[in-house]
Amino acid sequence: MPRSIATVTLLLGASLAACGSGPEAEARSAAWRALVDAELAFAERAAQKGVSAAFLEYLDEDGIVFEPGAVSGREWHARMQSPVGAVLAWRPRLAAVASSGDLGFTTGPWSYRPGAAAEPSAFGDYVSVWRQRAGTWRVALDIGIAHEPPGADLVGSGERAAVLRLGPPPEPGSDAAAVGVRDAEQTLQGRLAAGQPVTEMLDPAVRVFRDRARPDSGRAAFDVLPRPAAVLSWTTQGAAESRAGDLGYTYGIFGADAGDASDEIKGNFLRIWTRDEEGDWIVALDLLNLHPPAPIARR
């Protein structure tokens, strides 16, 4: 069961020092704290009222979930009923907010119990993209992966969320500022399809999320799919970036095979983008999940 918002929020304070000092940094820290508090309240609401009720409360009007492909989250959850007694718990482990305060994301572990007194039967990690409008954070996109137990039920352990440092916004009018996150996605897809190196387009500490595997980090961890499968097609379904241009995301579907129709693999992708020191877009988080989903419960 998630810890109370008040308890966990106290543990977040030390992370805010990473946001820096000064009026702009203070505003960003406040936005970051508000985002993490919204995620914690979202999780607590799910524990109290059920998952679908919580999603209907926290999803943006055009928020997207993946069941298994991208669908309207509000329409999907309006048709769903959470199993009586089941508990889906989660908490943020990492969060970031754009310097303009209008876009952010959270990620962390989730666990599923078929009953309140039962042991967890499924585990994974989620990524939620959030938008702030009129001072309120709402979920724009929610996706996740499922994997084997991490060795312990970490949800609710009290570990504080960490701040992901973003690269600086591009200079207004610069060549970098003219390149949108959708353009960066197209360049990345072209390099992947051609078998060209993409290292320079990855953050050195890029977070790598793959269905049926625990999250990893670092450029060496990045791979499209376990070999010998090769991605044959990418279709970008959506993209957005912050007003400041220092945080963005792209999502869509991919298809892959290993030369045999029986080995066809397809699924969803989500990429979180930020800027490097030169102002170019780089991937901070890369997630692939599969159709059909991994054969365990998914947030």
Close pairs from region 69-88: first closer than 19 Å to ASN268 by Cα and free of Cβ contacts under 8 Å to residues at least 12 places away in the same chain, partner of a type outside the set (Phe, Trp, Tyr) and part of a loop (DSSP other than H, G, I, E, B), Cβ under 6 Å, at least 6 apart:
TRP76/GLU67
Determine, yes or no, whether GLY218 is outside the structural domain of ASN268 (by TED's automatic domain parsing), at positive phi and not aliphatic (A, V, I, L, M).
no
Find all pairs meeting these conditions: Cβ atoms under 7 angstrom apart; at least six residues apart or on different chains; first residue within region 45-56 and assigned by TED's automatic domain parsing to the domain that holds GLY85 and surrounded by fewer than 20 Cβ atoms within 10 Å (Cβ to Cβ); second residue at pLDDT below 95 and hydroxyl-bearing (Ser, Thr, Tyr).
SER52/SER82
From the residues in region 47-96 that are among the β-branched types (Val, Ile, Thr) and not in a helix (DSSP H, G or I), which one is nearest to TRP130 (Cα to Cα)?
ILE64
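The values are calculated or read from the model by the stated rules, or taken from the named source; none is laboratory data. Keep in mind it's a predicted model, so treat the numbers as computed, not measured. No Cβ is skipped: glycine too gets one built from the backbone with ideal geometry, and neighbour counts run over all protein chains shown.
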